[in-house]
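The values are calculated or read from the model by the stated rules, or taken from the named source; none is laboratory data. The structure displayed is predicted, hence computed values, not measured ones. Here Cβ is always computed from backbone atoms with ideal geometry, including for glycine, and neighbour counts include all displayed protein chains.
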Amino acid sequence: MTFYPLSALMTSDRPDTALVAIVRGEPKDFGEFRRDVIATVHKIKARRALKVVLATNDSYAYCVGLLAALHSGCRVTVPPNAQAGTLGDYVSRENPLLTDQGPEKIRNQIEIGGRIDVDFDFAVLTPERAFLDFYTSGSTGTPKRIPKRLSQIENEITVLQQTWAETLQGAPALGTVSHQHIFGLYFKALWPLSAGRAFYAETFEIWEELLAVAPPASCFVSSPAHLSRIPPFDPLTPGTGPCMIFSAGGPLSNAAALDAARLFGPLPMEIFGSTETGGVAHRQQQTPATPFTPLAGMETRSDEAGLLSVKSNYTDDEDWAETNDIAQWFEDGRFLLTGRSDQFVKIEGKRVSLVQVEKYLGQSELVQEAAVIVLEDDRGSLAAVVELTPPGWQEHEIQGAFRLNRHLREILHDHLEHAAMPRRWRFVTKLPVNAQGKRDRTALHDLFD
C-alpha cells in the first residue's frame, strides 16, 4: 500500500476497498472513511466553526474528525483526556466538541460521521497552515498547551515509516494506550492510516481482550504500565504473535521488557520522547545498559550537567528543545538515560534522587513498584506509595502498615542517607495511572490528603 502524508490522503488514489480500521469487529474501508469525513466536514461548515475540540471514544472516529476539521480550515484542540470534567474546560460555543459520542453534560457538540448526499471537493492541505494544540496534564497538574503544525506531525510519521516500514509490512495496529495521547495517536492511528495499515479502533485495557482479536504478525502499541502488568499465561506459539511491540510514555524495566519478549515474541521497541519533542530515539532493551539510538534527522546534545537537548524538523520552530533528562553519551552518538533533573529534590539541605529511592524500594521482594513524591507541606516531606506483591500483602496482614513501612525504611537505610527516608507511606494494590499509562501525580498526592 502506498504511503501518503495526511495532507494528501483525501486526494490520493487509495482504492475505496482498502481496509482502514476494525471498529468493534466491523471493517471500515477507505470509501466509508471518505464518506464519514465528507459528512463531518459539512456539519462543521454548517456551524461555521473556526476551531474545534477533538475527543472521541475510538481511534477511527478520531481520524475522521481530525481530517474533517483540517479540511474545514479549523484549528484543532487536543485535550489531555476525554473526561467530561476536562472537556468542560475547553468546549464553548466558539470552540465546539467534535466527537463520536460525547458526554450528555457537554453542550455545543458536533457529531462525527453520518450519511449525506452532498459531495466535497477535497484539496491538498497546506501542512504549514494546519494547526493542532495538544495539552499535556503537566507535572503540576495544570495543562500545558503545545502547538504543532501538521507539517511537524507529517515529518515525524515519515521518519517512523522510513525506519520500520520493512519490518511492519502491512501489520495491523492494536493498542493499550489512548489516541488522546500523542504516542497512541501517532503509532496506532495516524501512522497506520498514512501507511495503509489497518488499525483497531478501540483501546484495549485488558491484555486477554487484545490477544483474542489480534491477527498474527500484528503491531502492539503499549506502555510500560501495561507491559509490566501482563497476566500470567503461556507464551504465544511462534508465528502467532506480533511482529513488533512499541512502548513509550515512561521507563520500561528490563524485567518487563524481557517478560514481554518471552510471552509475545519480539523484544519491545522503546520510544523515548515527549509531546514537545516528538520521538527522539529508540532501543530494544537487551540489558538495562542498552543505549538509545537517535531517530533519523534528530540532533542531540547535552550541557555540562548532562542535560539532554534535541532538535529536528518536528521540534518547535526546528530549534533546540531542552528536556529534563540526563544522558550518558557514547562515541557513536547513542546515549543512556541516567535520570531526570526534576527527579532531584532538596530535603533537609540534602540532594535526594526520587528515582533512586524508588529503585531501592523496588529491590524488595515485597514491592512490585513504588512512587516517591514530595508533599506540599511546610517541610516538603517525602512520601512513598507502594504497590505490594502477594508476599508483601501477606506481610502487611501479619505486621500491619506501620511495621511494614519501618521494615522498608531499614532497607533504604542500607543505601541512602536519613534525608531520603519517606516520612509517610501508603500501600496500594495498583499505582494510579492515567489514560496514557503514566503515573497520575494528582491521584498520588490525593492519597495523602
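Of the residues in segment 22-30, not one is surrounded by fewer than 18 Cβ atoms within 10 Å (Cβ to Cβ) and farther than 18 Å from Pro172 by Cα. The set of residues in segment 318-337 being within 23 Å of the chain's Cα centre (by Cα) and either modelled with pLDDT under 80 or hydrophobic (A, V, I, L, M, F, W, C) (or both) consists of Glu318, Trp320, Ala321, Ile326, Ala327, Phe335, Leu336, Leu337.
For every residue, the table says whether it meets (1) surrounded by fewer than 24 Cβ atoms within 10 Å (Cβ to Cβ); (2) over 25 Å from the mean Cα position of the chain (by Cα).
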site	(1), (2)
Ala18	yes, yes
Arg35	yes, yes
Ala39	yes, yes
Lys51	yes, no
Asn57	yes, no
Ala61	no, no
Leu66	no, no
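Residue-level check: of (1) over 29 Å from Gly73 (Cα atoms); (2) touching a Ser or Thr at 6+ places or on another chain (Cβ under 9 Å), Lys188 misses just (1).
Step by step: first the residues of segment 299-314, then only those that are free of Cβ contacts under 8 Å to residues at least 40 places away in the same chain and surrounded by 15 or more Cβ atoms within 10 Å (Cβ to Cβ), then the one that is farthest from Gln161 (Cα to Cα). Which residue is that? That would be Gly306. Considering segment 145-193 alone, what residues qualify as being of a type in the set (S, T, N, Q) and either surrounded by 24 or more Cβ atoms within 10 Å (Cβ to Cβ) or within 16 Å of the chain's Cα centre (by Cα) (or both)? If the condition is that a residue be of a type in the set (S, T, N, Q) and either surrounded by 24 or more Cβ atoms within 10 Å (Cβ to Cβ) or within 16 Å of the chain's Cα centre (by Cα) (or both), then Thr176, Ser178, Gln180 are the ones that fit. Screening Gly279, Gly239 for residues that are of a type outside the set (A, V, I, L, M, F, W, C), in the same structural domain as Ser312 (by TED's automatic domain parsing) and surrounded by 18 or more Cβ atoms within 10 Å (Cβ to Cβ) leaves exactly one candidate, Gly279.
Does Ile230 satisfy the condition of being crowded, with 23+ Cβ neighbours inside 10 Å and not charged (D, E, K, R)? No: the conditions fail for Ile230. Scanning segment 230-251 for residues that are over 26 Å from Asp325 (Cα atoms) and either in contact with a His (Cβ under 9 Å, 6 or more places away or on another chain) or β-branched (Val, Ile, Thr) (or both) turns up Ile230, Thr237, Thr240.
When the residues of segment 41-91 are filtered to those that are under 24 Å from Val20 (Cβ atoms) and in contact with a Pro (Cβ under 7 Å, 6 or more places away or on another chain), which remaining residue is modelled with the lowest pLDDT? Filtering first and then ranking leaves Ala55. For the criterion of being closer than 30 Å to Leu211 by Cβ, in the same structural domain as Pro232 (by TED's automatic domain parsing) and crowded, with 19+ Cβ neighbours inside 10 Å, Phe272 passes.
Among Leu431, Leu444, Leu412, which is within 26 Å of Pro80 (Cα to Cα) and in a helix (DSSP H, G or I)? Criteria check complete, one pass: Leu444. Report yes if some residue within segment 212-224 is of a type in the set (Gly, Ala, Ser), closer than 28 Å to Tyr314 by Cα and touching a helix residue (DSSP H, G or I) at 6+ places or on another chain (Cβ under 7 Å); otherwise report no. For segment 212-224, residues of a type in the set (Gly, Ala, Ser), closer than 28 Å to Tyr314 by Cα and touching a helix residue (DSSP H, G or I) at 6+ places or on another chain (Cβ under 7 Å): absent. Taking the listed residues Asp29, Asp36, the one that is acidic (Asp, Glu), in contact with a Ser or Thr (Cβ under 7 Å, 6 or more places away or on another chain) and at pLDDT 95 or above is Asp29, with no other qualifying.
Considering segment 307-401, the qualifying strands (runs of 3 or more DSSP E), each wholly inside and each with 1 or more residues that are more than 30 Å from Phe427 (Cβ to Cβ), run over 307-311, 321-329, 335-340.
For segment 242-251, the set of residues classified as surrounded by fewer than 23 Cβ atoms within 10 Å (Cβ to Cβ) and among the hydrophobic types (A, V, I, L, M, F, W, C) consists of Cys243, Met244, listed by residue number.
Residue by residue through segment 121-157, note down the ones that are among the polar types (S, T, N, Q) and in contact with a Pro (Cβ under 7 Å, 6 or more places away or on another chain).
If the condition is that a residue be among the polar types (S, T, N, Q) and in contact with a Pro (Cβ under 7 Å, 6 or more places away or on another chain), then Thr136, Ser137, Ser151 are the ones that fit.
The numbered conditions (1) modelled with pLDDT under 95; (2) over 21 Å from Pro231 (Cα atoms); (3) within 25 Å of the chain's Cα centre (by Cα) are all true for Lys430 except (2).
Please enumerate the residues belonging to segment 163-182 that are part of a helix (DSSP H, G or I) and either modelled with pLDDT under 95 or in contact with a Phe, Trp or Tyr (Cβ under 6 Å, 6 or more places away or on another chain) (or both). Ile182 - this is the single residue of segment 163-182 that is part of a helix (DSSP H, G or I) and either modelled with pLDDT under 95 or in contact with a Phe, Trp or Tyr (Cβ under 6 Å, 6 or more places away or on another chain) (or both).
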